[in-house]
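The values are calculated or read from the model by the stated rules, or taken from the named source; none is laboratory data. Keep in mind that this is a model prediction, so the values were computed, not measured. Neighbour counts run over all protein chains shown; Cβ positions are idealised from the backbone, glycine included. Heads up: the accessible areas ignore ligands, DNA and RNA and are worked out on the full protein's heavy atoms, side chains in. Shrake-Rupley method; radii C 1.70, N 1.55, O 1.52, S 1.80 Å.
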Amino acid sequence: MTIVGLQFDIAWENKPANFSTVRRLLTQAAPQKDSLVVLPEMFATGFSMNVGLVAEAYGGETEQFLAATATEFGTYLVAGASMRGRDGRARNKALVFSPTGELMAFYAKMRPFTPGGEREHYVAGDHSVTFQWNEATVAPFVCYDLRFPELFREAAAAHRPELFVVIASWPDKRIHHWVALLQARAIENQAYVIGANRIGTDPYYTYCGRSLIVDPQGTILADAGAAEGVIFAQLDLANLRKYREGLPFLADMKR
């Protein structure tokens, strides 16, 4: 089971340019069929508060692109987008597509980034979500969620995910927090973690990437550094389950 993370400079509020970049990187990477491919938070627009421009209804152009891309490359695909719900309000979401282009699951960011004004423009989600990727249970989260371990613990207690996905636009001035927190979430939940971040700049922040794949012991398996690129790693579910059986930390959580 292969995990793939894409890291690139998101063109500000320019969906066609970002769609083109994703297709180029995936074509170059040629991921194995049924791999899980992860794109950053709001990959099509950047971390924009201009919801009147960037937020889409379901079935819009970003969803159509993701469905077509998952089908074309035969992969599962997790990506961030600004989405409008049936109530007309915008949410910062992680969307999950199957290799047949089906929207399998979606998760709304539960902790909008208050210092960046996100809470003024996006409605917070109220529950975690999991989906099945082959034999693995996966829980997606979005950027600032990473600072709140209780969100991950709640998902671990309820569903025992083998993999946590964190899509992000995490600024470079706090990148050492990003690395440490991804490792902490992996260690405390006895799970693999992939963090897909962006590089480049937007009107507000500078980003230096460091997209990572971390194993359940906190060891970094892949690090994208500060350049555009693609990271890969293999999940060893048999070894993970043996580790959990030998050290049943999750079973000892109070529920």
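Please find, within region 239-252, the residue that is farthest from ALA158 (Cα to Cα) out of those that are surrounded by 13 or more Cβ atoms within 10 Å (Cβ to Cβ) and modelled with pLDDT under 95.
Per the stated criteria, the residue is PHE249.
Hey, can you tell me all the residues within region 152-169 that are assigned to a loop (DSSP other than H, G, I, E, B), open to solvent by less than 20 Å² (accessible area, probe 1.4 Å) and touching a residue at least 40 places away in the same chain (Cβ under 8 Å)?
GLU162, ALA168, SER169 - these are the residues of region 152-169 that are assigned to a loop (DSSP other than H, G, I, E, B), open to solvent by less than 20 Å² (accessible area, probe 1.4 Å) and touching a residue at least 40 places away in the same chain (Cβ under 8 Å).
Take the residues of region 222-238 that are free of Cβ contacts under 8 Å to residues at least 24 places away in the same chain and in contact with a Lys or Arg (Cβ under 8 Å, 6 or more places away or on another chain): which is most open to solvent (accessible area, probe 1.4 Å)?
ASP223
Pick from region 170-180 the residues that are within 15 Å of the chain's Cα centre (by Cα) and part of a helix (DSSP H, G or I): which of them is nearest to TYR192 (Cα to Cα)?
Keep residues of region 170-180 that are within 15 Å of the chain's Cα centre (by Cα), which gives 170, 178-179.
Still in the list and also part of a helix (DSSP H, G or I): 178-179.
Values: TRP178: 15, VAL179: 14 Å.
Ranking the candidates gives VAL179 first.
Collect the residues in region 66-107 that are in a helix (DSSP H, G or I) and either out of contact with any Phe, Trp or Tyr (no Cβ under 7 Å at 6 or more places or on another chain) or closer than 21 Å to GLY195 by Cα (or both), keeping them in residue-number order.
Of everything in region 66-107, those that are in a helix (DSSP H, G or I) and either out of contact with any Phe, Trp or Tyr (no Cβ under 7 Å at 6 or more places or on another chain) or closer than 21 Å to GLY195 by Cα (or both) turn out to be LEU66, ALA68, THR69, ALA70, THR71, GLU72, PHE73.
Looking at (1) in contact with a strand residue (DSSP E or B) (Cβ under 7 Å, 6 or more places away or on another chain); (2) open to solvent by 10 Å² or more (accessible area, probe 1.4 Å), which is the only condition VAL37 fails?
(2)
Of everything in region 180-203 that's within 13 Å of ILE10 (Cα to Cα) and of a type outside the set (A, V, I, L, M, F, W, C), which residue is surrounded by the fewest Cβ atoms within 10 Å (Cβ to Cβ)?
This residue is PRO203.
What are the residues in region 137-151 that are touching a Ser or Thr at 6+ places or on another chain (Cβ under 9 Å) and assigned to a strand (DSSP E or B), if any?
Across region 137-151, the qualifying residues are THR137, VAL138, ALA139, PRO140, PHE141.
Could you figure out which of (1) outside any helix (DSSP H, G or I); (2) under 28 Å from ASN134 (Cβ atoms) isn't true of GLU188?
Every listed condition holds for GLU188 apart from (1).
Can you tell me which residue within region 97-148, out of those that are over 28 Å from LEU53 (Cβ atoms) and small (Gly, Ala, Ser), is most open to solvent (accessible area, probe 1.4 Å)?
SER128
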